[in-house]
1. Rounded to the nearest 0.05, what FRET efficiency is calculated for K80 and A35 with R0 set to 22 Å and r the Cβ-Cβ distance?
2. For segment 122-234, calculate the relative contact order in percent as a whole number, restricting contacts to Cα pairs under 8 Å that are 6 or more residues apart.
3. Given a Förster distance of 41 Å, report the FRET efficiency between A161 and D127 from their Cβ-Cβ distance, rounded to the nearest 0.05.
4. Beyond a 24 Å Cα-Cα separation, which of these cross-linked pairs lie in this structure: K38/K144; K38/K232; K49/K248; K2/K80; K18/K141; K155/K196?
5. At a 10 angstrom cut-off on C-beta neighbours, averaged per residue, how do the peptides 188-198, 108-118, 157-167, 171-181 rank from highest to lowest?
6. Helix 237-251: angle to the longest alpha-carbon principal axis of the chain, degrees 0 to 90, nearest 10?
7. So what is the 222 nm mean residue ellipticity for the chain from helices alone, if each DSSP H run of at least 4 adds -39500 (n - 2.57) and you divide by all residues, rounding to the nearest 500 deg cm²/dmol?
8. For K248, project a label point 7 Å along Cα to C-beta. Then give me every residue of segment 1-37 with its amide nitrogen under 11 Å of that point.
Amino acid sequence: MKHVGIIGYGRIGAYLHKKIEQTQGLNVSFIYEIAEEKTRGLDNSILAKDPESLEKRRADLVIEAADFRAVGALAPQIVKRTDMLILSASALADENLATKLQSICEETGHRFYIPHGALLGMDGFQDARNTFDEISITTVKPPKNLDFTFQERWKLEEIKARAVLHDGSTREVCRLFPRNVNSHAVLAISGLGFDKTRSVLIADPDAITATHHIVAKGGGTTTEIIQSSPIKGVTGDFTLASVYGTIKRILIQSHGLNIV
């Protein structure tokens, strides 16, 4: 039996809790959520009350499904004692944090994973990163599905027509819209890095899905991927199934063929 801890109990955390408990060989050993109203109705024994109590909970894998702030606050403590799956990849745009986590894992032998989430083909970008000269990702979302909390220029109520919120480096868009561009961070980590990846974020009141359009060029080859899926809150539906699949690949290896 493999034990899984969950940090954050919003849409993704609640979905993963349900799916993991339905999966043979897996169980949820704890849930940590600072907003008590989100976990109301859950068995009190499964709830971790504070960050210090996480060290007392058994887990083969801890999943961060909160936001970038939870990664900075909790990940260094967690990877000292177990493996971790970080969904808020935008947190790793902080070079100091990324370096710290890497150093801890080298010392302890633990791993921290980044799921491909809303995107497809990230293994290919990792394998061929040295062949690309330029990589860009353009994301279009309805304004209501964007979080404007962490930037100063744009406000939700001001978006009346299609607007380009950012066109520049992935590192910068992770600072401005950290809850909306985890997919951009995953692409940057898989490919050319946060400073050499171009990120375009567009709010479109006429959009009904979240769409990611990746274009990569190099060595005379052009790779293009378009991914579009329904969205609720800041998370597309495809991401839910994708992350669950990643968890199973990390923790459960079936006999015979395994696609990794």
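Any read-out appearing in this document is the output of simple, stated calculations on the displayed coordinates, not a laboratory observation. These numbers come from a predicted model, not from an experiment. We place every Cβ from the backbone using ideal geometry, glycine too, and count neighbours over all the protein chains shown.
1. 0.25
2. That works out to 40 percent.
3. Step by step, r from the Cβ atoms, then E = 0.55.
4. Checking Cα-Cα distances, K49/K248; K18/K141; K155/K196 exceed 24 Å.
5. The densest-packed peptide leads the list: 171-181, 188-198, 108-118, 157-167.
6. With rounding to tens, the tilt is 50 degrees.
7. About -8500 deg cm²/dmol.
8. The answer is 20, 23-24, whose backbone nitrogens lie closer than 11 Å to the label point.
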